[in-house]
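Below you'll find the structure, written out as structure tokens, and then a few comments.
The values are calculated or read from the model by the stated rules, or taken from the named source; none is laboratory data. Quick caveat, the model's predicted, so the values are computed rather than measured. Counting neighbours? That spans all protein chains shown, and the Cβs are built from the backbone with ideal geometry, glycine included. Side chains are part of the model used for accessible areas, which takes the heavy atoms of the whole protein and leaves out ligands, DNA and RNA. Shrake-Rupley method; radii C 1.70, N 1.55, O 1.52, S 1.80 Å.
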Amino acid sequence: INTLAIEYNALTMMAKTMVMPVAIEYQLTLIDAVAGWNDVGIACSGQKDLLASFSAEIEGLIKELDVLSGKIKTSEEIHDEQKRAEFITYDVIPAMDEVRANSDAIEQNVPDERWTIPKYKELLFIM
């Protein structure tokens, strides 16, 4: 249980302090690009779609972080170790997986030079 507590606290911290700021910064870049194209009267439906999709990923991460936070709080209020372990297994870990899935989706869209955490491809192929 303690190992998972360390893991879910680290995941929450990384998502809030490393993933979200970079995602929002890139989102602002997309907003500026769309606004610029609109200012000169050029249609940019593909970029608008990219912005909408990326914004949905950010909103998904925010939502899943809120869900995870609530489940962590609930797990910390359970004093029976067996029940707490079951709650973590069936509720907290799936919520962690959702945060990871949203973070991974964001990672795939943010340019490498903006991403502050090693990307999976870097961990796998660059030594």
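Within the stretch 107-127, which residues are in a helix (DSSP H, G or I) and either at pLDDT 90 or above or of a type in the set (Asp, Glu) (or both)? First the steps, then the outcome.
If we filter the stretch 107-127 for residues that are in a helix (DSSP H, G or I), which is where we start, we get 107-109, 120-125.
Matches in the stretch 107-127: 107, 108, 109, 122.
Being without any contact (Cβ under 8 Å) to a residue 60 or more places away in the chain and open to solvent by 70 Å² or more (accessible area, probe 1.4 Å) is the filter here, so list the residues in the stretch 113-127 that pass it. Result: 113, 118, 120, 121, 123, 124, 125, 126, 127. Scanning the stretch 4-15 for residues that are in contact with a helix residue (DSSP H, G or I) (Cβ under 7 Å, 6 or more places away or on another chain) and within 27 Å of residue 51 (Cβ to Cβ) yields 11, 12, 15.
When only residues in the stretch 26-61 that are under 13 Å from the mean Cα position of the chain (by Cα) and touching a residue at least 12 places away in the same chain (Cβ under 8 Å) count, which is farthest from residue 113 (Cα to Cα)?
Taking the stretch 26-61 and keeping what is under 13 Å from the mean Cα position of the chain (by Cα), we get 54-61.
Subset that is touching a residue at least 12 places away in the same chain (Cβ under 8 Å): 54-55, 57-58, 60-61.
Numbers: 54: 17, 55: 20, 57: 20, 58: 19, 60: 23, 61: 21 Å.
Top of the filtered list is 60.
Any residue at all in the stretch 90-103 that's over 13 Å from the mean Cα position of the chain (by Cα), part of a helix (DSSP H, G or I) and surrounded by fewer than 12 Cβ atoms within 10 Å (Cβ to Cβ)? Explain how you work it out, then say what you get.
We begin by selecting, within the stretch 90-103, every residue over 13 Å from the mean Cα position of the chain (by Cα); these are 90-94.
Cutting the leftovers down to part of a helix (DSSP H, G or I) gives us 90-94.
Now narrow it down to the ones that are surrounded by fewer than 12 Cβ atoms within 10 Å (Cβ to Cβ): 90.
Yes, the stretch 90-103 contains a residue that is over 13 Å from the mean Cα position of the chain (by Cα), part of a helix (DSSP H, G or I) and surrounded by fewer than 12 Cβ atoms within 10 Å (Cβ to Cβ).
Within the stretch 32-46, the set of residues being surrounded by 14 or more Cβ atoms within 10 Å (Cβ to Cβ) and modelled with pLDDT of 90 or more comprises 33, 34.
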